[in-house]
Amino acid sequence: MSDIKNKIENLRKELERHNRLYYIEHNPEISDYEFDQKLKELERLEKGHPEFADENSPTKRVGGDITKSFETVAHEFPMMSLSNTYSKDEITEFIARIDKNIGGDTEYVCELKYDGVAISVRYENGKFKRAVTRGDGQKGDDVSSNIRTIKSLPLRLTDNGDYPDFFEIRGEIMLTRTRFEKLNAQLEEQNEKPYANPRNTASGTVKLQDSKVVAQRGLDCFLYAVNAGVPVAENHFDAVVKAGNWGFRVPKEKDNRIKVCKNIDEIMDFINYWDTERLNLDFEIDGVVIKVNRHNIQYELGSTAKSPRWAVAYKYKAEEAQTVLEDIRFQVGRTGAVTPVAYLKPVQLAGTLVKRASLHNADIIQNLDVRIGDTVHVEKGGEIIPKIIRVNKSLRPADSKPFEFIKQCPECAAALVRKEGEAVHFCPNETECPPQILGKMQHFISRNAMDIEGLGQETIVQLHQAGLIKGIADLYELNKEDLLPLERMAEKSADNLIKGVEKSKSQPFEKVLFGLGIRYVGATVAKKLTQHFKNIDQIASAGIEELEAAPEIGTVIAKSVYAFFRNDDYKQLINRLKNYGLQFEVVEEEGATQKLDGLKFVISGVFQKLERNEVKKLIEKNGGKNTGSVSGSTDYLIAGEKMGPAKREKAQKLGVNVISEDDFLAMIE
């Protein structure tokens with residue numbers, strides 16, 4: 001029996017090696033026929049000896065798993081988005097900010113910005129463990145069964161053994177242009193509608209339920225960042241090289257797809273080279289990513305709530321097209337904001353068929369002097385959202401008339417209002433305007449808010465049209481008998497919906513507050529308010545000045561919150577939600593203290609006993625506050641190993657206490 005086990009194991013290693021040679025190193029040693037024969041031999045042996053099954057076997061790449069729903073998984077290392085730049089001047093400003101913080105002489109790495117689907121893949125003991133989408137940056141969907149089918153992604157790492165026991169590697173899932181064109185050719189042969197573009201097709205493929213179909217699509221991946229408990233190298237470039245040695249497809253210096261740069265001129269040389277050369281690639285890129293190379297400086301610079309301070313993306317100029325503006329219509333959002341939408345004669349732009357574009361507000365329409373019937377130039381802002389950038393007035397019809405912005409809500413006919421200093425018109429009819437009612441309910445159930453399982457946006461519309469819900473609170477009065485007569489509502493679906501609503505009652509206070517849809521109160525602001533006031537009654541009774549005293553709450557937000565809690569309809573809503581058992585106060589974490597109450601901390605460097613995220617959590621758990629950079633208001637700088645000298649010097653100059661990891665732990669014992 002041990003001979004069979006050894007034969008299976010050796011076949012797996014041999015097939016993984018040939019897979020790497022073919023898909024990553026482009027240097028095959030055997031023919032496709034020979035590879036297929038070895039794969040069939042392995043399949044035969046595994047079928048005859050199921051006791052030696054391995055989920056990471058090369059035979060698993062063909063797919064076959066059916067996934068009814070994707071499990072939501074928290075990222076151990078947050079997946080942040082990058083700030084965008086569009087000019088040399090903006091990159092120069094980025095470099096100047098870094099020089100100011102760390103004292104200059106910084107080394108940067110430039111690499112391609114792949115236009116794909118972000119993915120984080122976890123490995124344990126050299127084996128593929130799990131693949132998770134970006135999601136909201138804090139948690140995403142487990143799509144392991146689909147990602148396992150990608151042949152350029154190793155399921156086992158090479159045998160050199162210098163990788164950590166566990167780590168996550170980040171990258172992009174893509175379809176090459178060649179593969180995309182082949183898929184569309186197959187669809188056209190079958191008289192079916194072709195796919196719009198490689199990125200959207202890859203995004204949809206990643207979330208397919210049948211991994212066998214995913215395997216047939218032929219996804220590819222490009223990987224570029226290693227995250228582990230401790231850095232695997234002193235700098236980003238060396239970490240990428242190491243990942244390549246472990247068996248990953250990573251950007252290589254010899255192909256000029258990654259380059260260490262010492263100044264703005266070298267960075268711009270790389271950007272300018274790929275601005276034209278990208279057209280010769282078999283995959284799509286939309287820019288170049290510029291990163292600080294050394295990891296200790298990355299740690300020192302830290303991050304904002306959304307983006308790292310040590311990296312930016314340079315975006316290439318968006319593609320534009322000319323077409324005719326056929327109509328301007330209006331949409332009403334959940335906050336009552338009325339947005340004009342341009343309806344265009346369909347035109348191909350950056351791989352998609354564009355039919356609509358946002359005009360944002362009355363000022364934009366006036367400044368562009370855009371009119372129905374005009375020939376307009378359209379581009380994709382950041383190559384995502386189409387927008388009108390100018391009018392070709394030489395082609396304007398002779399009978400053209402200036403466009404007049406509407407004065408009444410297109411949905412409920414209420415007179416629109418526009419507050420002084422604001423660009424947007426609003427419908428004030430918050431409690432009766434249909435799209436506002438639906439929008440508020442759809443926001444309430446969304447992932448970042450109450451995250452109600454079994455209840456989607458279309459179901460909200462269906463429930464509202466059936467007269468079962470008129471507002472948020474009505475969700476908690478639904479019962480199974482009400483739901484079963486609805487179209488496409490089977491017994492199991494009804495059960496799941498009711499269970500999801502009931503489960504949402506345990507969502508923390510910050511999510512409930514965000515879910516209420518108060519204007520200007522996003523997820524971050526909701527968290528700040530709940531941490532400061534602790535319960536809904538304290539927020540409701542606070543005056544504008546008291547609200548402004550909360551961290552990062554400005555006058556505009558304070559006035560909006562103040563007005564919300566003085567609206568009788570919203571007072572009634574909150575009372576109903578309280579009676580249904582939703583969480584309206586902060587539940588203190590077990591072991592939480594106020595030992596660090598009011599103290600502001602900056603952490604920098606690498607720690608021995610704790611990971612950086614653990615240090616941050618302990619600060620907040622004990623009443624302290626994490627800040628990104630040293631300033632006169634900082635109380636303590638927690639200094640780890642490899643902390644840059646500039647931050648220490650700045651702390652000493654400002655009289656900030658510099659303490660060690662052990663000093664910090666002693667403070668909270």
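Each residue in the stretch 459-498 was checked for being of a type in the set (Gly, Ala, Ser), surrounded by fewer than 17 Cβ atoms within 10 Å (Cβ to Cβ) and part of a helix (DSSP H, G or I), and 1 pass. Among residues belonging to the stretch 443-458 that are crowded, with 20+ Cβ neighbours inside 10 Å and part of a helix (DSSP H, G or I), point out the one that is nearest to the chain's Cα centre (by Cα). Filtering the stretch 443-458 for residues that are crowded, with 20+ Cβ neighbours inside 10 Å and part of a helix (DSSP H, G or I), the one nearest to the chain's Cα centre (by Cα) comes out as His443. Quickly run through the stretch 316-363 and pick out the residues that are outside any strand (DSSP E or B) and without any contact (Cβ under 8 Å) to a residue 40 or more places away in the chain. Passing the criteria: only Leu359.
Of the residues that make up the stretch 234-256, is at least one assigned to a strand (DSSP E or B) and buried (at least 22 other Cβ atoms within 10 Å of the Cβ)? No.
All of (1) over 26 Å from Lys212 (Cα atoms); (2) in a loop (DSSP other than H, G, I, E, B) hold for Phe94 with one exception: (2).
Screening Val630 with (1) assigned to a strand (DSSP E or B); (2) without any contact (Cβ under 8 Å) to a residue 40 or more places away in the chain; (3) hydrophobic (A, V, I, L, M, F, W, C) gives one miss only, at (1). The set of residues in the stretch 601-619 that are of a type in the set (A, V, I, L, M, F, W, C) and more than 22 Å from Ala651 (Cα to Cα) contains only Leu610. Checked against the criteria, Val501 does not count as within 15 Å of Ser446 (Cβ to Cβ), outside any helix (DSSP H, G or I) and among the hydrophobic types (A, V, I, L, M, F, W, C). For the stretch 570-625, a residue qualifies if it is at pLDDT below 85 and on the phi > 0 side of the Ramachandran plot, and the qualifying residues are Gly591, Gly598, Gly605, Gly623. Taking the numbered list (1) surrounded by fewer than 22 Cβ atoms within 10 Å (Cβ to Cβ); (2) of a type in the set (A, V, I, L, M); (3) without any contact (Cβ under 8 Å) to a residue 60 or more places away in the chain in turn, Ile173 passes all entries but (1).
Looking only at the stretch 569-600, how many residues end up being in contact (Cβ under 8 Å) with a residue 60 or more places away in the chain and over 30 Å from Lys440 (Cα atoms)? The total comes to 3. Select from the stretch 652-667 the residues that are in a helix (DSSP H, G or I) and over 34 Å from the mean Cα position of the chain (by Cα) and list them in ascending order. Gln652, Lys653, Leu654, Asp662, Asp663, Ala666, Met667, listed by residue number. For the criterion of being among the aromatic types (Phe, Trp, Tyr) and more than 24 Å from the chain's Cα centre (by Cα), Tyr562 passes. The set of residues from the stretch 304-319 being of a type outside the set (Phe, Trp, Tyr) and either under 17 Å from the mean Cα position of the chain (by Cα) or crowded, with 16+ Cβ neighbours inside 10 Å (or both) comprises Thr304, Ala305, Lys306, Ser307, Pro308, Arg309, Ala311, Val312, Ala313, Lys315, Ala318.
Select from the stretch 251-265 the residues that are in contact (Cβ under 8 Å) with a residue 24 or more places away in the chain and either of a type in the set (Asp, Glu) or in contact with a Lys or Arg (Cβ under 9 Å, 6 or more places away or on another chain) (or both) and list them in ascending order. Selection gives Pro251, Ile258, Ile264. Total residues in the stretch 627-669 satisfying the condition of being loosely packed, with under 15 Cβ neighbours inside 10 Å, in contact with an Asp or Glu (Cβ under 8 Å, 6 or more places away or on another chain) and modelled with pLDDT under 90: the figure is 0. Answer with yes or no whether Val391 is surrounded by fewer than 17 Cβ atoms within 10 Å (Cβ to Cβ) and under 25 Å from Thr339 (Cβ atoms). So Val391 fails the test. The set of residues from the stretch 635-651 being within 30 Å of the chain's Cα centre (by Cα) and part of a loop (DSSP other than H, G, I, E, B) comprises Gly640, Lys642, Met643, Gly644.
The values are calculated or read from the model by the stated rules, or taken from the named source; none is laboratory data. Since we're looking at a predicted model, the values are computed, not measured. A quick note on method: Cβ atoms are made from the backbone with ideal geometry, for glycine too, and the neighbour counts reach across all protein chains shown.
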